[in-house]
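> Sharing a structure with you now.
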Ligand code: NAD
């Protein structure tokens, strides 16, 4: 798979190259072109031109049809997408087959569907006390595109997360410039080929590859020609992008990091809670923003839960590597830090050896920790690896206080069979998403995003359509 930029309907690979590394065995997969400021300028200019030309003139029905053709195009090249995502990320093939690629096609279908039946908001004003002016009026709100939207996506779910933003941005009639993560450029390139064949006008969708700070990402998010930025990635990167975007007061939608808690009450179905926590802590080796890194268990079932979770973690096989040597080293540095901070390593805590080519890759062991104080850095900072710390609690209020004592607030899980408790606890957890007796069960119409350092705004369904369009109120005196 050769990574290329896609600018104004033309594939190009100018700019210096950097190596793409296979995280499974450390071998080189190819070279990726690094977009210069000039390539980024060209992409923004092409996007602006598309808005002024054919793309800007297309109605909702035509845009929805284009989204469906993109979804069909992904489906038609399903195998190629799976292979490219597996090669870039090292994730298990089954994950790409059941999550990444179907969800990418689903993202385009969902927003094609959502374009229909979108309510216009209309009010008639009869000059009640709080109105100003006189007479009767009809107010209605129309929505128009924001313009050129920059999308910056991370490496952990490359295709799924970029299409999660591209689809609603195009649905609302914007032109898009995507900069995917430098670690995972391949499925974005395939997507550009699919878009090229789907009959979108040149410039409606553009792709530039490259790094973030001091490079393509920074050039794009600080560009005067960009009207909005949708970003998924680390909270610190979000802060850097905000600073960069501040000069142009560019609106942002941010999906950022997390340190997600799980609360396991003694009345829970313990096996279901263990099973759910194995999934929520170790899926994709913990490299999903929604993964659980803090588990709080009611004291009577604490020991049993820890033993069962550790036994399951130990058995895990084929869970996939860390994305890069750098990220592997970061996760291992937290395993060392945990020991220094006084943790008991119940299982894992190191890097596995396989005795084959995988020893050149970036693998770490699924790890269960206990015994740390809540002030420990291991308990407070996002690690983004297959690791969780499990701590006991005694009361519901204590559980809530522990869950909420975090700079982050993305997602949480609650395990209980007590219906009243579920309803009492869920709204009091300071996260944007609360799952009860499940994890990562998603309906694409629901609001998705985090509070505190985990994000700004919500995406999903109407929430995305709201961010990616501008409401304009029309008031007519009648
Ligand atoms: P990252 O912040 O390092 O990089 C994300 C993207 O930002 C990449 O494309 C990168 O090139 C670009 N970038 C980096 N610095 C930049 C800068 N100064 N200006 C512009 N662009 C810049 O994140 P990552 O390591 O790729 O992804 C992992 C992180 O993403 C974790 O923190 C995870 O929790 C978070 N995440 C959040 C969600 C969510 O929905 N909330 C989903 C997935 C991942």
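Computed from the coordinates by the stated procedures, all read-outs in this text should not be read as laboratory data. From a predicted model like this one, the values you see are computed outputs, not experimental measurements. No Cβ is skipped: glycine too gets one built from the backbone with ideal geometry, and neighbour counts run over all protein chains shown.
> With angles folded into 0 to 90 degrees, how steeply does helix 325-340 sit against the dominant principal axis of the chain? Use alpha carbons for both and round to 10.
It works out to around 40 degrees.
> Return the percentage of antiparallel bridges among DSSP beta bridges fully within the stretch 89-230, rounded to the nearest 5 %.
30
> Please report the antiparallel percentage of DSSP beta bridges with both residues in the chain, rounded to the nearest 5. Before the final figure, lay out the partial values.
Numbers: 31 of 68 bridges.
DSSP beta bridges in the chain are roughly 45 percent antiparallel.
> Please give, to one decimal in nm, the separation of the simple spin-label points placed at residue 1 and residue 314, each 7 Å out from Cα toward the Cβ.
Each label point lies 7 Å from its Cα, and together they span 3.7 nm.
> In nm, what is the difference between 0.36 nm times the number of residues separating residue 94 and residue 344 and their Cα-Cα distance?
In short, 86.7 nm is gained.
> At 222 nm, what helix-only mean residue ellipticity would the chain give, in deg cm²/dmol to the nearest 500, using -39500 (n - 2.57) for each DSSP H run of four or more?
-11500 deg cm²/dmol
> Further question on the same structure: I want to check the label-to-label distance for residue 333 and residue 440. Put each point 7 Å from Cα in the C-beta direction and report it in nm to one decimal.
My value for the distance between the label points is 2.6 nm.
> Right, something else. Would you work out the relative contact order for the stretch 191-347, in percent, from Cα pairs under 8 angstrom that are 6 or more residues apart?
Reported relative contact order: 15 percent.
> Follow-up. Rounded to whole Å, give me the distance from the Cα center of the stretch 136-202 to that of the stretch 375-424.
34
> Tell me, Kirkwood radius of the chain from alpha-carbon pair distances, in Å?
Values: mean 1/r = 0.0426 Å⁻¹.
That comes to 23.5 Å for the chain.
> Which residues does a label at residue 53 reach in the stretch 3-17, if reach means a backbone N under 17 Å from a point 7 Å past the Cα toward the Cβ?
Output list for this probe position: 6-12.
> Now, a different point. Relative contact order of the stretch 49-159, please, whole-number percent, based on alpha carbon pairs below 8 angstrom and at least 6 residues apart.
Values: 84 pairs, mean separation 29.2, N = 111.
Relative contact order, the stretch 49-159: 26 percent.
> Under a crude label model (7 Å from the Cα following the beta-carbon direction), how far is residue 144 from residue 398 in nanometres?
Those two pseudo-labels are separated by 5.9 nm.
> Same structure again: What's the angle, to the nearest 10 degrees (0 to 90), between helix 60-76's Cα axis and the longest principal axis of the chain?
40
> Relative contact order for the chain using alpha-carbon pairs under 8 Å, separation at least 6, rounded to a whole percent? Don't jump to the answer; show the numbers that get you there.
On the way: 1062 pairs, mean separation 88.4, N = 478.
In percent, rounded to a whole number, it is 19.
> Okay, next question. At q = 0.10, 0.12, 0.21 Å⁻¹, work out log10 I(q)/I(0) for the stretch 174-322 with the Debye formula, treating every Cα as an identical point scatterer and leaving solvent out; two decimals please.
Log-scaled intensity ratios, in q order: -0.55, -0.71, -1.24.
> OK, next. Helix 299-315: angle to the longest alpha-carbon principal axis of the chain, degrees 0 to 90, nearest 10?
The two axes meet at around 80 degrees.
> Provide the gained length on full extension for the span residue 60 to residue 78, in nm with one decimal, where the gain is 0.36 nm per separating residue minus the Cα-Cα distance.
Value of the extension gain: 3.8 nm.
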